[in-house]
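J.: The structure is given below, and queries will be raised subsequently.
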Amino acid sequence: MPLFNHKLAIDLGTCNCLVFVPGKGIILNEPSVVALATPENTVLAVGAEAKSMIGRTPDNIVVYRPLKDGVIADYKVTQAMIRYFIRKSKGKLGIFKPEVLISIPVGATSTERRAVIEAALAAGARAAYVAKEPILSAIGAGIPINSCEGNMIIDIGGGTSEIAVISLGGIVTAHSLRVAGDKMDEKIAEFIKK
């Protein structure tokens with residue numbers, strides 16, 4: 001793949017982010033966690049390095065997730081996280097800006113879609129596109145999305161649960177719940193405490 005045509009896909013998950021490069025596969029699988037130094041709001045670490053800081057930092061360092069329920073909760077920090085993923089995927093020799101495809105929940109509003117595109121462009125992407133998670137899940141699972149048969153996709157992530165019926169290359173009907181693995185973990189923990 002020529003350097004001047006660098007492309008990558010990012011699955012911006014509430015818990016984990018995946019980065020896929022055509023011809024190489026998934027090259028990054030890191031937690032969606034960022035460590036910030038306050039009050040300057042300087043990014044100290046992203047991903048696994050930031051997650052390892054949880055519970056071990058002084059008061060002036062805050063470690064948190066910039067995504068909530070599958071969408072951006074903190075624009076600037078998400079932008080820094082996307083910049084980190086772009087830089088790490090390009091390596092030392094990558095000098096050209098990549099085209100980036102980012103997955104979004106099927107229930108994302110137009111404002112949330114626009115925020116993802118703007119964050120990717122500000123983070124160093126040449127062009128940024130968004131695609132709905134159920135379509136990408138179906139393609140990843142090898143389901144023939146262009147057939148006239150209906151295929152149901154259920155994608156339970158950390159922040160959202162996506163349920164969609166796909167046929168003829170599009171989503172026939174879908175529902176996105178902002179309740180998923182994180183809430184399930186929370187309820188299990190509450191039950192065990194009782």
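The values are calculated or read from the model by the stated rules, or taken from the named source; none is laboratory data. None of these values were measured; they are calculated from a predicted model. Cβ atoms come from the backbone with ideal geometry, glycine included; neighbour counts cover every protein chain shown.
J.: Please list, ordered by first then second residue, the pairs with beta carbon atoms under 6 Å, 6 or more apart or interchain, first in the range 33-49 and farther than 21 Å from Asp11 by Cβ, second assigned to a loop (DSSP other than H, G, I, E, B) and of a type in the set (A, V, I, L, M, F, W, C).
T.: As it stands, the answer is Ala35/Met53, since those pairs meet every condition given.
J.: Please note which strands (runs of 3 or more DSSP E) are completely contained in the range 1-84 and include at least 1 residues that are touching a Leu at 6+ places or on another chain (Cβ under 7 Å) and of a type in the set (Asp, Glu).
T.: Working: elements: 7-12, 16-21, 25-31, 34-37, 42-46, 61-64.
Ranges flagged: 7-12.
J.: Condition (residue is in contact with a Cys (Cβ under 9 Å, 6 or more places away or on another chain) and of a type outside the set (A, V, I, L, M)) applied to the range 80-95: is it met by at least one residue?
T.: yes
J.: Quick check on my filter: what residues within the range 140-194 are touching a residue at least 24 places away in the same chain (Cβ under 8 Å), more than 13 Å from Asp69 (Cα to Cα) and of a type in the set (Asp, Glu)?
T.: Hits for the range 140-194: nothing passes.
J.: Inside the range 50-75, can you point out the residues that are of a type in the set (Ser, Thr, Tyr) and over 20 Å from Leu12 (Cβ atoms)?
T.: Ser52, Thr57 - these are the residues of the range 50-75 that are of a type in the set (Ser, Thr, Tyr) and over 20 Å from Leu12 (Cβ atoms).
J.: Then there is this: Provide a single number: the residues in the range 39-59 that are loosely packed, with under 15 Cβ neighbours inside 10 Å and either closer than 15 Å to Asp74 by Cα or touching a helix residue (DSSP H, G or I) at 6+ places or on another chain (Cβ under 9 Å) (or both).
T.: 2
J.: When the range 142-172 is examined, which residues are found to be in a loop (DSSP other than H, G, I, E, B) and at pLDDT 90 or above?
T.: Taking the range 142-172 and keeping what is in a loop (DSSP other than H, G, I, E, B), we get 142-150, 157-160, 168-169.
Scanning the range 142-172 gives Gly142, Ile143, Pro144, Ile145, Asn146, Ser147, Cys148, Glu149, Gly150, Leu168, Gly169.
J.: In addition: Quick one: what pairs do we get from the range 1-25, first residue closer than 18 Å to Tyr129 by Cβ, second in a strand (DSSP E or B) and modelled with pLDDT under 90, C-beta under 7 Å, 6+ apart or different chains?
T.: Correct list of pairs: Leu12/Leu67.
J.: Of the residues Thr109, Thr78, which is of a type outside the set (Gly, Ala, Ser), closer than 19 Å to Thr160 by Cα and surrounded by fewer than 15 Cβ atoms within 10 Å (Cβ to Cβ)?
T.: Just one listed residue meets the conditions, Thr109.
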